[in-house]
Amino acid sequence: MKTNIVTSASGKANASALFFVKKSIQFSNVLSEEAEKQVESVLNGMNEGPFEDLEFLEIDNQPTIFVDAAKERGISSLDHLRMAAYRLAKRASKRQIPMVSIMLADAAPEQFKSILLGLHYADYKFDAYKSKQKEAFQVTFELVAGEHTAEFKKIAEVAAIENKAIVLAKNLINTSSSDLTPAEFVENANTIAKYTPGLSIKVRNMKQLEKEGFMGHVTVGKGSSHEPYMITLSYDGSKGAGKATKNAAKNARTSSDHLVFVGKGLTFDTGGLCLKPPKSMPEMISDMSGAATVLAAIQAIATLELPIKVSAVCCLAENAIGNKSVLPGDIFTAKNGKTVMVDNTDAEGRLVLSDGLAEAGLIGATHIVDLATLTGAMVRALGYAVAGFFSNDDALALNVINCGEACCEKFWSMPLEEEYADALKDHFADLKNTGSDAGAIAAALFLQEFVPENTAWTHWDIAGTAFVSKSWKYTDFGATGFGVQTLIELARRMSGSSDESEDAANGDDNGEYAAVEV
Ligand code: BES
Ligand code: ZN
Ligand code: ZN
């Protein structure tokens with residue numbers, strides 16, 4: 001796919017596309033008066049009902065594709081635009097239309113970005129393991145932006161950077177586990193750090209982890225022939241030091257915020273000696289989604305040169321069975337000094353995350369966001385469309401909800417219910433890695449035991465949302481990239497470089513469709 005942002009249609013397109021919502025055309029002030037009348041009569045003649053889009057009609061002597069962007073139950077207007085753009089791109093490619101112009105002169109900036117992301121999503125394919133790679137027909141989209149051309153070009157640059165990050169996360173997550181071991185993940189992160197100005201990397205291997213007392217990684221990873229690693233990536237846009245952050249310097253605030261992402265990076269989770277049943281095992285190639293997501297997000301944040309200090313900690317291990325595997329009942333001392341009895345070797349994510357949270361504290365986090373495909377209980381509670389999150393800080397929690405909404409990623413607040421905290425206590429050790437029947441809450445309460453003092457923290461359980469086993473919205477089978485955009489948006493708002501930053505905490509929802517009547 002190629003996109004050109006132009007002020008007015010070049011006349012070279014083979015078809016035009018118009019988005020409509022409930023019989024009214026959007027974004028179209030480029031149409032002639034006569035064409036508008038034609039459109040009106042077409043829409044009036046349409047039956048009610050879902051998705052009558054993609055009809056070819058002659059409007060202004062041009063074959064025109066109508067794209068239905070009407071709201072669907074539970075899907076926000078912005079997300080619907082993404083879905084509509086995705087369908088349009090798929091159809092145009094299938095029908096081998098070389099060039100399509102989309103009339104977007106009246107679109108609000110966030111609507112334009114949504115449409116663009118929808119086109120990008122349509123471009124994603126993961127065929128690395130197919131014996132024959134099919135080349136999709138390449139469509140050029142001419143995005144007719146009228147007087148917004150300059151503004152929309154800037155948005156397109158940002159959307160391309162964000163899309164690159166989403167693609168990176170999805171590729172890592174979809175790669176099978178024998179090809180993406182912890183060491184391979186480190187290789188990828190090294191390459192990214194090398195080619196992303198302003199991004200530095202520190203890698204700890206098994207020996208260093210053991211020496212420094214990061215025993216969560218050691219405990220989980222020692223049963224595998226692939227050794228565990230912990231990666232810390234750092235980007236400091238707050239001071240504007242160096243060439244890479246020249247823009248950041250310009251925007252720099254005198255904030256002492258240090259936002260640290262922590263990602264669960266189980267390159268495979270067999271369950272260990274508490275072996276998983278075969279049916280639930282193949283999906284465990286995605287158990288490193290948290291680590292992939294934080295790596296992708298920090299790459300984008302550094303590339304966008306956001307004026308904020310951000311770090312990302314990837315907790316990498318393979319939970320396998322071997323003659324050195326951790327045994328149920330084993331006790332280890334975590335980095336913060338608390339002792340933990342491994343009650344269930346399949347509850348391994350929280351063990352590596354205890355190290356990640358400790359590392360976040362050591363590097364001076366003021367705000368921590370951890371992402372983990374942590375519990376089957378969360379999948380059962382909220383399914384694949386909504387991520388459950390926990391937080392010890394109300395302002396941060398509200399920010400998560402608002403950023404998620406702006407990025408079409410749904411979050412639902414879950415309680416850190418203290419009544420269940422006693423269930424984490426062990427007879428011999430301070431804690432055990434299982435708790436109450438409320439499995440997602442038990443896991444979050446366990447993590448809370450390792451959050452550094454006086455730090456705002458939120459835990460996102462993305463077990464349901466990271467990976468889908470049937471196609472959903474604009475994602476085929478596999479990784480969704482969930483979380484990448486919300487993390488970037490969080491950094492953007494915390495850095496003060498978003499229009500929403502000022503009222504990030506007031507839950508204001510009038511950003512959508514400010515400029516367009518729906
Ligand atoms: N990686 C799994 C959680 C998971 C399940 C992710 C389904 C994605 C889809 C995690 O390590 C796990 O196995 N958790 C256990 C914990 C239990 C043993 C306390 C679970 O949720 O069953
Ligand atoms: Zn597990
Ligand atoms: Zn796991």
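Looking only at the range 288-300, decide whether some residue is open to solvent by less than 10 Å² (accessible area, probe 1.4 Å) and among the polar types (S, T, N, Q).
yes
Take the residues in the range 354-384 that are within 16 Å of ligand 3 (Cβ to nearest atom) and touching a Leu at 6+ places or on another chain (Cβ under 7 Å); name whichever of them is farthest from PHE467 (Cα to Cα).
Only one residue fits best here, namely ASP370.
Determine the pairs where a residue that is touching a residue at least 60 places away in the same chain (Cβ under 8 Å), located within the range 152-169, has a partner that is β-branched (Val, Ile, Thr) and open to solvent by less than 20 Å² (accessible area, probe 1.4 Å) with Cβ atoms under 7 Å apart, the partner being 6 or more residues away or on another chain.
Short answer, once both residue conditions are applied: GLU162/ILE488; ALA165/VAL484; ILE166/VAL484; ALA169/THR293; ALA169/VAL484.
Here are some residues: LEU18, LEU57. Which one is part of a strand (DSSP E or B) and modelled with pLDDT under 75? Quick ask: steps written out before the conclusion?
Details: LEU18 fails: modelled with pLDDT under 75.
Matching residue, one of LEU18, LEU57: LEU57.
Quick check on my filter: what residues within the range 446-488 are surrounded by 21 or more Cβ atoms within 10 Å (Cβ to Cβ) and farther than 30 Å from ARG91 by Cβ?
PHE446, LEU447, PHE450, VAL451, TRP457, THR458, HIS459, TRP460, ASP461, ILE462, ALA463, LEU487, listed by residue number.
For ALA421, which of the numbered conditions (1) away from ligand 2 (no atom under 16 Å from the Cβ); (2) open to solvent by less than 20 Å² (accessible area, probe 1.4 Å) fails to hold?
Just one mismatch for ALA421, condition (2).
Taking interchain pairs and intrachain pairs at least six residues apart, which have beta carbon atoms under 8 angstrom, with the first residue in the range 130-142 and loosely packed, with under 11 Cβ neighbours inside 10 Å and the second of a type outside the set (S, T, N, Q)?
That search, which allows pairs on different chains as well, returns GLN133/ASP127; LYS134/ASP127.
So which residues in the range 87-101 are polar (S, T, N, Q) and part of a helix (DSSP H, G or I), if there are any at all?
Scanning the range 87-101 gives a single hit, SER93.
If GLY383 meets every condition in (1) farther than 30 Å from LYS113 by Cα; (2) within 15 Å of ligand 1 (Cβ to nearest atom); (3) out of contact with any strand residue (DSSP E or B) (no Cβ under 6 Å at 6 or more places or on another chain); (4) not acidic (Asp, Glu) apart from one, which number is that one?
The one condition GLY383 does not meet is (1).
Each row is one residue, and each column tells you yes or no for (1) surrounded by 23 or more Cβ atoms within 10 Å (Cβ to Cβ); (2) within 16 Å of ligand 2 (Cβ to nearest atom); (3) at pLDDT below 95.
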position	(1), (2), (3)
VAL369	yes, no, no
ALA372	yes, yes, no
ASN402	yes, no, no
LYS425	no, no, no
THR434	no, yes, no
ALA444	yes, yes, no
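From THR339, THR303, grab the single residue that is over 28 Å from the mean Cα position of the chain (by Cα), farther than 20 Å from SER225 by Cα and among the hydroxyl-bearing types (Ser, Thr, Tyr).
Unique residue meeting the criteria: THR339.
Kindly provide the set of residues from the range 119-147 that are among the hydroxyl-bearing types (Ser, Thr, Tyr) and part of a helix (DSSP H, G or I), ordered by number.
Within the range 119-147, TYR121 is the sole residue that qualifies.
Identify, from the list THR333, THR245, THR232, the residue that is over 22 Å from ASP461 (Cα atoms), modelled with pLDDT of 95 or more, away from ligand 2 (no atom under 13 Å from the Cβ) and of a type in the set (Ser, Thr, Tyr).
Values: THR245 fails: modelled with pLDDT of 95 or more; THR232 fails: over 22 Å from ASP461 (Cα atoms).
When all the criteria are applied, what remains is THR333.
Considering only residues that are outside any helix (DSSP H, G or I), within 11 Å of ligand 1 (Cβ to nearest atom) and of a type in the set (A, V, I, L, M, F, W, C), which ones fall in the range 273-292?
Of everything in the range 273-292, those that are outside any helix (DSSP H, G or I), within 11 Å of ligand 1 (Cβ to nearest atom) and of a type in the set (A, V, I, L, M, F, W, C) turn out to be CYS274, LEU275, MET281, MET288.
What do you reckon, is LEU104 open to solvent by less than 10 Å² (accessible area, probe 1.4 Å) and at pLDDT 95 or above?
no
So ALA84 fits all but one of (1) open to solvent by 60 Å² or more (accessible area, probe 1.4 Å); (2) among the aliphatic types (A, V, I, L, M); (3) part of a helix (DSSP H, G or I); what number is the exception?
The number of the failed condition is (1).
Return the pair list, or none, for Cβ contacts closer than 9 Å from residues in the range 378-396 that are without any contact (Cβ under 8 Å) to a residue 40 or more places away in the chain to residues that are within 16 Å of ligand 2 (Cβ to nearest atom), at least 6 apart or on different chains.
ARG380/GLY439; ARG380/ALA440; ARG380/GLY464
Quick one: which of ALA160, ALA193, ALA150, ALA183 is open to solvent by 40 Å² or more (accessible area, probe 1.4 Å), in contact with a strand residue (DSSP E or B) (Cβ under 8 Å, 6 or more places away or on another chain), of a type in the set (A, V, I, L, M) and part of a helix (DSSP H, G or I)?
Values: ALA160 fails: in contact with a strand residue (DSSP E or B) (Cβ under 8 Å, 6 or more places away or on another chain); ALA193 fails: open to solvent by 40 Å² or more (accessible area, probe 1.4 Å); ALA150 fails: in contact with a strand residue (DSSP E or B) (Cβ under 8 Å, 6 or more places away or on another chain).
Sole residue among the options that is open to solvent by 40 Å² or more (accessible area, probe 1.4 Å), in contact with a strand residue (DSSP E or B) (Cβ under 8 Å, 6 or more places away or on another chain), of a type in the set (A, V, I, L, M) and part of a helix (DSSP H, G or I): ALA183.
Let's see how each residue does on (1) more than 16 Å from ligand 2 (Cβ to nearest atom); (2) at pLDDT below 95:
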{"site": "LYS202", "(1), (2)": "yes, no"}
{"site": "ASN205", "(1), (2)": "yes, no"}
{"site": "MET215", "(1), (2)": "yes, no"}
{"site": "THR254", "(1), (2)": "yes, yes"}
{"site": "LYS264", "(1), (2)": "no, no"}
{"site": "GLU283", "(1), (2)": "no, no"}
{"site": "GLY290", "(1), (2)": "no, no"}
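Does any residue of the range 313-330 turn out to be modelled with pLDDT of 95 or more, on the phi < 0 side of the Ramachandran plot, among the basic types (Lys, Arg) and away from ligand 1 (no atom under 16 Å from the Cβ)?
Checked against the condition, which is being modelled with pLDDT of 95 or more, on the phi < 0 side of the Ramachandran plot, among the basic types (Lys, Arg) and away from ligand 1 (no atom under 16 Å from the Cβ), the range 313-330 yields at least one hit.
Quickly run through the range 374-398 and pick out the residues that are buried (at least 24 other Cβ atoms within 10 Å of the Cβ) and in a helix (DSSP H, G or I).
Once the filter is applied, which keeps residues that are buried (at least 24 other Cβ atoms within 10 Å of the Cβ) and in a helix (DSSP H, G or I), the range 374-398 yields only MET378.
The values are calculated or read from the model by the stated rules, or taken from the named source; none is laboratory data. Predicted, not measured: the structure shown is a model, and the values here were computed from it. No Cβ is skipped: glycine too gets one built from the backbone with ideal geometry, and neighbour counts run over all protein chains shown. In case anyone asks, the SASA skips ligands and DNA or RNA and just uses the protein heavy atoms, side chains included. Shrake-Rupley method; radii C 1.70, N 1.55, O 1.52, S 1.80 Å.
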